[in-house]
Every structure is written in structure tokens, then in C-alpha cells.
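Accompanying notes for the structure given below.
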Amino acid sequence: MNQTIIPISLRGTSKQRKRATPKGRAVDPAALAAVRSVLGARSRQPDLLIEHLHRIQDSFGCLSAPHLAALAQEMRMAQTEVYEVASFYHHFDVVKEGAAVPAALTVRVCDGLSCEMAGARDLLARLPQILGAEVRVIAAPCIGRCEQAPAVLIGQNPVPNASCEAIAAKVAAGQIDAATEHFTDFARYLSDGGYALLRECSAHTRAVEAVIKSMEESGLRGLGGAGFPAGRKWRSVRGEPGPRLMAVNIDEGEPGTFKDRVYLERDPHRFLEGMLIAAWAVGIESIYIYLRDEYHGCRAMLEGELDKLRTNPPIEGMPQIILRRGAGAYICGEESAMIESLEGKRGMPRLRPPYVAQVGLFGRPTLEHNFETLYWVRDILQKGSTWFTSHGRNGRQGLRSFSVSGRVKEPGVKLAPAGITVQQLIDEYCGGMQQGHQFYAYLPGGASGGILPATMNNIPLDFDTLQPYGCFIGSAAVVVLSDQDSAVGAARNTMRFFQHESCGQCTPCRVGTAKAVALIERPQWDLPLLAELSQVMRDASICGLGQAAPNPIDCVVKYFSHELTS
């Protein structure tokens, strides 16, 4: 009987020798020493991967292959896992072996719709020649400064209403860092009665049930775009078994939206007190704040104010507050994608159920809120729910912070009654249209909220009022177009944005956005094919990005058909 003889060296053993290092490229000792020096004594836990990638890039200007391999070994992670996270986010410059290192200074020119209308294309065309090869000039998706269009980032320094001359002067002067000034700091906030409400709650002068009921009666809904009732969310998460966590979304990446940044720059502690009251009412153990990377000045300011708060906590047993830095991914505005990013992973939306309120951050029940929702908690509880509901027009109740940009004389954040119409918003809050411009069209809810003609200027702007027209208010980002713009051009701009920002997880969104861009860039639109593509994206995309991306196209076909036949 023939028998195969297996050499001893190839035979299995009951005890496998443990690898000294993860699989992958050999780690360069110099790179490992450099990474260890940058990280210092900080924890190597996996959810800090993105934070550590930022530290390495901030130190060396990019992420080289040796540094990524060294980081993988230091964090006991697979090199593929580190690489896929680093290459997922737009703000990480991953340099492959043998490739050129990017220029020491990067100028990001926002090419969002408001900035495009204000001249961003001209900046992109002229700046490379003006600034020279030592400066990298790239187009960037919306950087959250639409009221300052065209807006530019020189390194981390924002340049409002940018011109080539202003940018060249700032580059020459070395003005590449950002700072936030003239805000209400911790001492001033305390002197104005700040954190007194939180102390009342902590001392049980106010009962949890009474607080949650006031929130429910106010009708305050999530102001990040989804519009879920805030009080109901508090009650729901409180009913889940502990320990419970909280995740705060300040990643406002919707083109046209900048309200969170403006409020954060002015009054950070009003938000922080609302956040801590919510944590008290729900029974939160730890709070994670996710702040978009473009808001560098806000991050430096917020880190300083959080240090003051931790040093002099207004209450005993204050929850741990952790500030995390985004890395340039619009998809992380979606709650479950943000949670994935907070865990140090690629920001890809999760399938539901389970919902975040049940199984969220690190598998724990999680209260997820937008910045502005928490910003209003103090006023609602101090002034009463009827104060909030007393505002409103056209049968609606509450207040809305509209981020208004485009062809108006006075763009900016406009606090106005819920249900106000776009015409009233332009006339009463924005000083009317710019000189020489006639109102032509508007986006009521940012890039994904659709496009409506000026003839439909009497629709109340609020949750649930725009859906019959194929639109929604979302985060209340209103972009105003004039007779010098076109709805077709706006749809092309927004669809290019969605193609750029798709996380790539699901085929309907990944392929659908790319196909839609190709189809609408043509002089003649294939309307039956676009309609079929739109339906597939709505029905089969995992998250709201793919589901809402067709809105601008569908609105152009429905309301601006004359632009397609001219």
C-alpha cells in the first residue's frame, strides 16, 4: 500500500509559534522609532487609529508606507486594516512606495455650489501658476463656509471671499493656521448664568421626567437633517440597558450648511451645557464629539474650553468627554457611519436594525445628536416649551436656523420662524437679491434637498412640507440661484459631489452616482434611463446619500425641462 510521506518540516504541530509582528511588510526601525516618538505615551487602542493617523500626518506632512507599517505594528493591527482606513478619508495623503511626496503646503479651493457660483473655477485655474510648484492647489468639496464664498483653506487657515491676490499674500506671509476669536468663553459663560440649569438638574431640583416631557412638548426635532423628535429619542435611549454612550455630530458636510460652525464659534458652552443636560437625563457614561477636520480653529478653541470645563466641572460625576477629529468624509454625517469612524474604522453606514439607540458606539445603546439640537436645550428648558412653539409661520411651530448662501445680498445663518417661505427669508432676513440678479431657483435643503423654481416661492420651509414636491428641508441649507445660474449646472455640481463622497459600500450608490454624472454631463439627457437609475438608487442604496442623490436631477426634469430643450 502506497503511503505519502510528509516531510517533518511540513507537518502540522499542535502548538503554533506566535508571530512576533503582524503579517505584511517588514517594519523599518527608523520609521517605528519616529511613530513611537509622535504617539508618545498615548494609548494604542484600535479606536484611536484615525487620531494617530492625524498625528503622524501633522508631523511628517503625509502618510508614507513605512510609517503606516510601523503604526500597524505599534497598534497590533493588520497593515491592510491601517491602509484601508488611511486611504478611505480624503484628508489623509497616503504616499505609495516610489511616489512623490505632496507639496509642503496645500491650498484647498471649495468647489461646492455656492463657491462655484462665486468664482471658484477661476481660482482653480489661476492659482497653480500664481503660487508655483511648491504649493499644491486642489479642489475640495464643501468646507462649511458657504456664506463666505468663494472660500479657501490655506493649510488650516480659512480665507473668506477669496481672491488670487489675497491667497498669494497669505501664502507669502505664512498664514496657514486657523484661530477662533470673540467667542463666549468659560468664565464669561459662567458669569452670565451658564451651567446653573445643569446644576439644578444634577441636584434634582428638576426631575428627569419633567425635563424629558418639556423636550417632547417643545416639538424640537433633530436639526442635522433627519428630524427625529429629540425628547422621544431621550426617552428611548434611557429605556435601554446601561452603560449608555453619547455621540455628537459636528461633521456638517452637507453643501450649503454652516450653522453649526457659526454657533460653535460664538457660544460653545451653550452647546456643551445642553449636551451635559441630555447626558444627565438619559444616564450617559461617556460622550464622544465628532468634529469635522475643516474646522481647525473650532477644534483648537473647543479643546481649550473642554480643558477648562474638566478642571472646574460644574457638577460632580460629570461624564467623560472625548473630542474626535474627522478626516474629510461627508458620509460620516450619517449617524452609523460617524460611529464607525469614532471606532477608528472606515466611515461606512451600518445596516439597520439594530438601530444606534440600541446597538451603537462600541455596541452600546447610544444617544446620537446633531450639534444644533443640543444648542437649544438650555433655552427650551429655561424659557419653557411654549416659548419655542410660540414661534412659527404658515401653521408651523418652532425656530429654524437657515444657512443661506448664493445670490443674496446678506448670506449667513438666519434664525427665523419655522414655516417661513424662501421669499420671506430673502426679503426680510437677507436684504434681497444681489444687485443685478433676479431670483430664479433655490435649493431648500442643501445639495440633497432638491431644486425648486422661484415661482414656487410660497412653500413653508419646515419638516414634512417639501416632500410633496420631491424635496426636503434637511439641515435647512438654502442656496439661492439667480437668472445668471442654471438648475442644470446646479444638478451637475451636486451630483459630482455625491460621486466624490460615496463611501463605495453599495453598488447602487457607488456606480449610480458615477453613471448619473456621466449622463447629465451630456448635452442631451436620456430621461428614461435617468428615471430608471434614480429609482434603483432610491430603492436599493443602503443610506440616505444614495437615496437622496437623485433629487436634484429629478427636480430639473420636473421643474426645469425648458433648460433641457434649449
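The values are calculated or read from the model by the stated rules, or taken from the named source; none is laboratory data. A quick note: this is a predicted structure, and the numbers were derived from the prediction, not measured. Here the Cβ positions follow ideal geometry from the backbone for every residue, glycine too, while neighbour counts run over all protein chains shown. Side chains included, ligands, DNA and RNA excluded: accessible areas come from the protein's heavy atoms. Shrake-Rupley method; radii C 1.70, N 1.55, O 1.52, S 1.80 Å.
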| Taking only the alpha carbons of the chain, what extent do you get along each of the three principal axes, in Å, biggest first? | 88, 66, 64
| note | Mean projected area, convex hull of alpha-carbon positions in the range 85-220, reported to one decimal in nm², is 13.9
| query | From the backbone phi of the range 455-461, what are the Karplus-calculated ³J(HN,Hα) couplings (6.51 cos²θ - 1.76 cosθ + 1.60, θ = phi - 60°) in whole Hz, Gly and Pro given as x? | reply | 5, 9, 8, 10, 7, x, 8
| Just the projected area, averaged over all directions, of the convex hull on the alpha carbon atoms of the range 252-315: how many nm²? | 4.9
| task | Just add up the charged neighbours of Gln320: K/R +1, D/E -1, any other residue whose Cβ is under 14 Å from the Cβ of Gln320. | result | 0
| request: With a probe of 1.4 Å, find how much accessible area the chain has per residue, and write the answer as a whole number in Å². | output: 42
| request: Note down the net charge around Ala518, summing +1 for each Lys or Arg and -1 for each Asp or Glu among other residues with Cβ under 12 Å from its Cβ. | output: +2
| task | Mind listing the long-range amide H neighbours of Gly347? Cut-off is under 5 Å, sequence gap 5 or more, other chains count too, H placed in the peptide plane at 1.01 Å from N. | result | none
| request: Of the options Leu245, Ser486, Ala133, report the single residue whose Cα projects farthest towards the positive end of the charge dipole of the chain (beta-carbon charges: Lys, Arg +1; Asp, Glu -1). | output: Leu245
| request: Pop a pseudo-label 7 angstrom from the Cα along the beta-carbon direction at both Arg510 and Ala103 and give the gap in nm to one decimal. | output: 3.3
| request: Stick to the Cα atoms of the range 370-494, pair each with every other, and give me the Kirkwood hydrodynamic radius in Å at one decimal. | output: 14.9
| request: Extending each Cα 7 Å along its Cβ direction at Lys558 and Asp539, get the distance between those two points in nm, one decimal. | output: 1.8
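Pulled fully out, how much extra length does the chain show between Ala179 and Thr205, if you take 0.36 nm times their separation in residues and subtract their Cα-Cα distance?
On the way: separation 26, 0.36 × 26 = 9.36 nm, distance 3.87 nm.
Fully extending the segment from Ala179 to Thr205 adds 5.5 nm.
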| task | Could you point to the residue in Ser114, Val85, Ala173 farthest towards the positive end of the range 65-180's charge dipole, with +1 and -1 charges on the Cβ of Lys/Arg and Asp/Glu respectively? | result | Ala173
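Of all the accessible heavy-atom surface of the chain, with the other protein chains kept in place and a 1.4 Å probe, what percent is carbon and sulfur? The partial results should precede the final answer.
Working: 12050 of 23960 Å².
That fraction is 50 percent.
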| request: Could you give the size of the charge dipole of the chain about its Cα centre, using +1 on the Cβ of each K and R and -1 on the Cβ of each D and E, expressed in debye and rounded to the nearest 20? | output: 1740
| note | Rh_Kirkwood(the range 294-377) over Cα pairs, Å, one decimal, evaluates to 14.6
| query | For the charge dipole of the chain, defined by +1 on Lys and Arg C-beta atoms and -1 on Asp and Glu C-beta atoms about the Cα centroid, which residue among Val282, Ser43, Gly412 has the Cα displaced farthest towards the positive pole? | reply | Ser43
| Roughly what would the spin-label model give for Leu190 and Arg44, points 7 Å off Cα along C-beta, in nm? | 4.0
| query | Sequence-distant or interchain residues sharing an amide H contact under 5 Å with Ile321, placed H: which? | reply | Ile287
| query | Using modelled backbone amide H atoms (1.01 Å from N, in-plane), which distant-in-sequence or interchain residues come within less than 5 Å of Arg221's amide H? | reply | Ala230
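Over the chain, what is the mean sequence separation of C-alpha contacts under 8 Å (at least six apart), divided by residue count, expressed as relative contact order in percent? Mind showing how you got there, number by number?
On the way: 1050 pairs, mean separation 69.1, N = 566.
Taking the mean separation of contacting Cα pairs over the length of the chain, I get 12 percent.
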| task | Take the Cα gyration tensor of the range 32-139, multiply each eigenvalue by 5, square-root it, and list the three semi-axes largest first, rounded to whole angstrom. | result | 32, 15, 12
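How much net charge surrounds Arg310 when only the other residues with a Cβ under 14 Å from the Cβ of Arg310 are counted, with Lys and Arg +1 and Asp and Glu -1?
Details: positive: Lys308; negative: Glu303, Glu305, Asp307, Glu316.
Net charge in that neighbourhood comes out at -3.
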